[in-house]
Amino acid sequence: MVKRKYYQEEIETMPVEQIKKLQSEKLVKQVKHVYKNVPYYRDLMDKKGVTPDDIHGIEDLYKLPFIEKSDLRETYPTGMLAVPLEDCVRIQSTSGTTGRRVIAYYTQHDIDLWDECCARALVAAGADKEDVVQVSYGYGLFTGGPGLNGGSHKVGCLTLPMSSGNTERQIQFMTDLKATVLCCTPSYAAYLGESLKEQGYTAETIPLKAGIFGAEPWTQEMRENIQNTLGIKAYDIYGLTEISGPGVSFECSEQGGMHINEDHFLAEIINPDTGEPLPEGEKGELVFTCLDKEAFPLLRYRTRDICVLSRKPCSCGRTHIRMAKPMGRSDDMMIIRGVNVFPSQIEAVLLKEGFSENYLIKLGRENNNDTFDVYVELPPEQFDDSVKNVTAKEKSLAAALRTMLGIGPAVHLVPPKTIQRSEGKAKRVIDERKLHD
Ligand code: DLL
């Protein structure tokens with residue numbers, strides 16, 4: 001049997017001009033739908049002096065007002081719904097730490113569209129009918145489990161709805177049922193790899209061939225570690241609850257950025273300070289417009305993810321625009337002693353210097369000065385090193401971090417396995433400075 005290259009070839013390889021035409025048609029319709037059915041957004045448009053008649057195509061997108069997380073909190077729980085509640089078949093929700101959770105609603109059409117996006121991601125990672133897909137993202141309100149589960153069904157794979165956690169059971173099912181594709185957060189993939197290794201498995205004896213990892217930032221170095229430990233090709237996948245869930249964009253075999261499912265999601269990059277749209281190739285905040293979702297069709301939603309888009313042709317044949325790995329969030333960037341720092345920069349240095357991705361950043365304040373501590377696990381084979389050696393390593397790691405960041409943290413090397421492992425999104429920063437309410 002010939003392996004399929006695309007899940008929906010015609011759409012995924014559509015010439016760019018045609019995609020833009022399709023987007024324009026869908027946008028005009030979608031704006032009418034939202035204006036008519038979402039009073040909150042109608043008010044925002046009225047205040048900006050724009051009506052659906054002003055929107056003739058994607059070139060008019062900039063006229064529309066943005067939606068931000070604060071709007072979703074304000075309209076909680078149903079104020080952004082664009083269809084009667086009785087037409088909805090599902091909700092999902094974000095894991096929000098403060099304030100009200102965001103609830104996203106789906107009609108059956110919206111679920112189908114989302115599942116198809118995940119199916120495209122799975123096929124791009126080489127999955128086909130004969131594959132066994134282990135979904136180890138959390139199930140429930142989090143979109144990771146349900147999204148990849150739906151995509152895997154569409155492709156016709158045998159789906160193992162493992163959810164996260166219970167690593168012993170994960171390994172048992174993976175090896176007994178010969179799972180070939182693993183879907184989970186990159187930090188959990190790294191942890192599973194560590195546990196498999198401890199049980200004597202090697203890259204050759206682990207049945208997996210591909211992994212689809214996302215939901216949190218991860219570096220190229222972390223990708224290489226995971227690929228080597230599990231003996232797989234590791235693909236990035238991106239998404240957010242507000243826009244549907246995983247599969248808003250996904251990586252292909254080129255592993256060079258994620259193709260955005262442009263027939264459903266229109267992407268822009270804006271200057272996060274001024275809101276001005278930026279030209280392609282410039283770094284800024286990613287903004288999405290849902291082109292054909294029915295229940296929760298957000299227009300110009302500000303993701304806070306800092307990113308770059310590229311139309312460079314891709315060797316995989318897909319024509320949809322690619323987004324780079326998010327480089328951080330405009331709202332999770334740390335400002336330490338006046339310097340902007342992204343946790344992913346720290347991770348990149350640690351991995352490059354031969355340490356593991358198990359680390360913790362602690363920020364505090366002493367005498368009106370920021371304290372900046374990085375706790376990193378020693379590789380097991382170096383655990384017995386003399387105090388002198390460990391101190392020297394701490395110093396050299398601190399120097400490498402200073403070179404990268406422009407400020408130097410205090411580095412603390414701690415025994416292996418002392419930093420708490422994560423089964424979902426890893427919490428890597430503890431900020432005790434209380435810079436926000
Ligand atoms: O994390 C959806 C998802 C599930 C994506 C499974 C991929 C796989 P939320 O919980 O709403 O949704 O979080 C969305 O997570 O705005 C990004 O900041 C971050 N994020 C998601 N995917 C990636 C990725 C899901 N591949 C927020 N790389 C987004 C970096 C990511 N950050």
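What the table below lists for this structure:
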| quantity | calculated |
| --- | --- |
| Nearest 10 degrees, 0 to 90: helix 220-230 Cα axis against the chain principal axis | 70 |
| For the stretch 162-318: rounded, prolate or oblate by the Cα gyration tensor [a/c cutoff 1.5] | prolate |
| Net charge over other residues, Cβ less than 12 angstrom from the Cβ of TYR188 (K, R count +1; D, E count -1) | -2 |
| Lysine pairs within the stretch 335-431, Cα separation less than 25 Å, 8 or more sequence positions apart or different chains | 20 |
| Protection proxy ranking of 240-251, 19-30 - average other beta-carbon atoms within 10 Å, highest first | 240-251, 19-30 |
| Dimensions (Å) - the chain, Cα atoms, principal axes, largest first | 73, 62, 40 |
| Probe 1.4 Å, accessible area per residue of the chain, Å² | 45 |
| DSSP bridge orientation in the chain - percent antiparallel, rounded to nearest 5 | 60 |
| Kirkwood hydrodynamic radius over Cα pairs of the stretch 108-254, then Stokes diffusion coefficient at 20 °C and 1.002 mPa s, in µm²/s | 145 |
| Cα shape, the stretch 43-156, gyration tensor, a/c 1.5 rule | prolate |
| About the Cα centre, charge dipole magnitude for the chain (Lys/Arg +1, Asp/Glu -1 at Cβ), debye | 260 |
| The stretch 9-330, relative contact order in percent, only Cα pairs under 8 angstrom and at least six apart counted | 18 |
| Degrees, to the nearest 10: 387-405 long Cα axis against longest axis of the chain | 30 |
| ASP373 accessible area, assembled protein chains, probe 1.4 Å, Å² | 30 |
| Net charge over other residues, Cβ less than 12 angstrom from the Cβ of ALA399 (K, R count +1; D, E count -1) | +1 |
| Under 25 Å from LYS29, Cα to Cα: lysines that are on another chain or at least 8 residues apart | LYS20, LYS21, LYS47, LYS48, LYS63, LYS69, LYS293 |
| Rounded FRET efficiency, nearest 0.05, which uses the C-beta distance separating ASP385 from VAL429 and R0 of 25 Å | 0.35 |
| CD proxy at 222 nm, helix term only [per DSSP H run n ≥ 4: -39500 (n - 2.57); per residue of the chain; nearest 500] | -9500 deg cm²/dmol |
| Angle in degrees between helix 16-37 and the longest Cα principal axis of the chain, rounded to the nearest 10 | 70 |
| Extent along principal axes [Cα atoms of the stretch 234-366; Å; largest to smallest] | 51, 34, 29 |
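The values are calculated or read from the model by the stated rules, or taken from the named source; none is laboratory data. Quick caveat: nothing in here was measured; it's all calculated off a predicted structure. Using ideal geometry, Cβ is built from the backbone for each residue, glycine included, and neighbour counts are taken over all protein chains shown. These area figures cover heavy atoms from the full protein model, side chains too; ligands, DNA and RNA do not enter into them. Shrake-Rupley method; radii C 1.70, N 1.55, O 1.52, S 1.80 Å.
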